[in-house]
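Accompanying notes for the structure given below.
The values are calculated or read from the model by the stated rules, or taken from the named source; none is laboratory data. Treat the numbers as computed from the prediction; the structure is a model and nothing was measured. Please note: Cβ atoms are built from the backbone with ideal geometry, for glycine as well, and neighbour counts cover all protein chains shown. Accessible surface is based on the protein model in full, side chains and every heavy atom, while ligands, DNA and RNA are left aside. Shrake-Rupley method; radii C 1.70, N 1.55, O 1.52, S 1.80 Å.
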Amino acid sequence: MAAEEWIRRHFEPVGPIETGHARPWATVMRVPVAGGVTWFKACAQVQAFEPRLTVELYARWPDRVTEVLAVDEARRWLLLGDAGIAVRELGNPPEAWFEALPSYAELQKGEIGYALDHIGHGVPDLRMAALPAGYERLLASELPLARDDVNRLRDYAPRFTELCAALAELGIRESVQHDDLHMANLYTDGGRLRVVDWGDSSIAHPFFSLVVTFRFLEEFNHLAPDDPWFRRLGDAYLEPWGSGLEETFEIAIRVGWFAHAIAWTRQRDALPPEVRPDFDRAFALVLRRAVAQTVE
């Protein structure tokens, strides 16, 4: 009731407010209004940073992120504009990513100067210096993996630390990293592409973002790992960053799989025990992709 009262202070719904989804980390509701629809989002404590981060990004990048209509940071509430339809509904065409990735990279470059401010307001810190400790936390977790795979991760720890150090030396500064940049979080209204849902974000190596983008192109679109689209999309994403970054990108994707798994532990730790089995089915897929990176 409190949420509905807050919504009505900003818009008068023209129909019933309906729950789009309710998950342990966030609840989203559809609010029909005159001329269209708006969206209410209530974030759980595990992603309490999301409302402020979303507001900050919209203030600086209004043409490429979620439109923010109202916010209550204390209650972790957002009222968001309608971004159109998810590119998943269009079949997740690589062409959409070819258009979206350069502008997303420009956003990341622009946010480098705000990285410490974002961390100070709760955005998770997965910078290169923090990742080895994050890897140790991952290994200390109860992982939904076979013992041999856990042992492979454990044996890889020294090499992972080496790769983090090597990547840090290559000079790309950390920035906001969406970490859930897939077909359900890129929307189009027919003329503009927007990235939505920043609740999994961290401050990390910016190139990590394409781990998830590429994963869904493999699994949903069934693109082979050597499909030319991956090279085209990587080049399009790297263009705003400068030339000669192919080696940096390759190392970042490898390290990024482990960083992605580390990020999942934050969400898992916040879950009540009864919902962890469902979460772990998806987590196991992420972990196995990380394990695959141990083969060099």
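Tabulated data
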{"item": "Residue in segment 110-146 that is nearest to E162 (Cα to Cα), counting only those that are among the small types (G, A, S) and open to solvent by 40 Å² or more (accessible area, probe 1.4 Å)", "result": "A129"}
{"item": "Neighbours by Cβ (under 6 Å, 6+ apart or cross-chain): first from segment 134-155, charged (D, E, K, R); second in a helix (DSSP H, G or I)", "result": "D149/V291; R152/V291; R154/L139"}
{"item": "Pairs with Cβ under 9 Å, 6+ apart, first in segment 232-243 and open to solvent by 10 Å² or more (accessible area, probe 1.4 Å), second basic (K, R)", "result": "P240/K109; W241/K109"}
{"item": "Residue, most open to solvent (accessible area, probe 1.4 Å), within segment 46-80, restricted to residues that are touching a helix residue (DSSP H, G or I) at 6+ places or on another chain (Cβ under 7 Å) and part of a loop (DSSP other than H, G, I, E, B)", "result": "E73"}
{"item": "Subset of segment 247-280 [part of a helix (DSSP H, G or I) and over 20 Å from A204 (Cβ atoms)]", "result": "P273, E274, V275, R276, P277, D278, F279, D280"}
{"item": "From T248, T265, residue being polar (S, T, N, Q) and under 19 Å from A105 (Cα atoms)", "result": "T248"}
{"item": "Residue match in segment 217-230 (condition: touching a helix residue (DSSP H, G or I) at 6+ places or on another chain (Cβ under 9 Å), open to solvent by less than 10 Å² (accessible area, probe 1.4 Å) and under 15 Å from E250 (Cβ atoms))", "result": "no"}
{"item": "Unique residue being open to solvent by 50 Å² or more (accessible area, probe 1.4 Å), under 29 Å from E73 (Cβ atoms), within 20 Å of the chain's Cα centre (by Cα) and among the charged types (D, E, K, R) when the list is R254, R194, R173, R268", "result": "R173"}
{"item": "Checking I119 against (1) of a type in the set (A, V, I, L, M); (2) free of Cβ contacts under 8 Å to residues at least 60 places away in the same chain; (3) closer than 20 Å to H178 by Cβ, the condition it does not meet", "result": "(2)"}
{"item": "Qualifying residue in segment 287-296 (condition: at pLDDT below 95 and of a type in the set (D, E, K, R))", "result": "yes"}
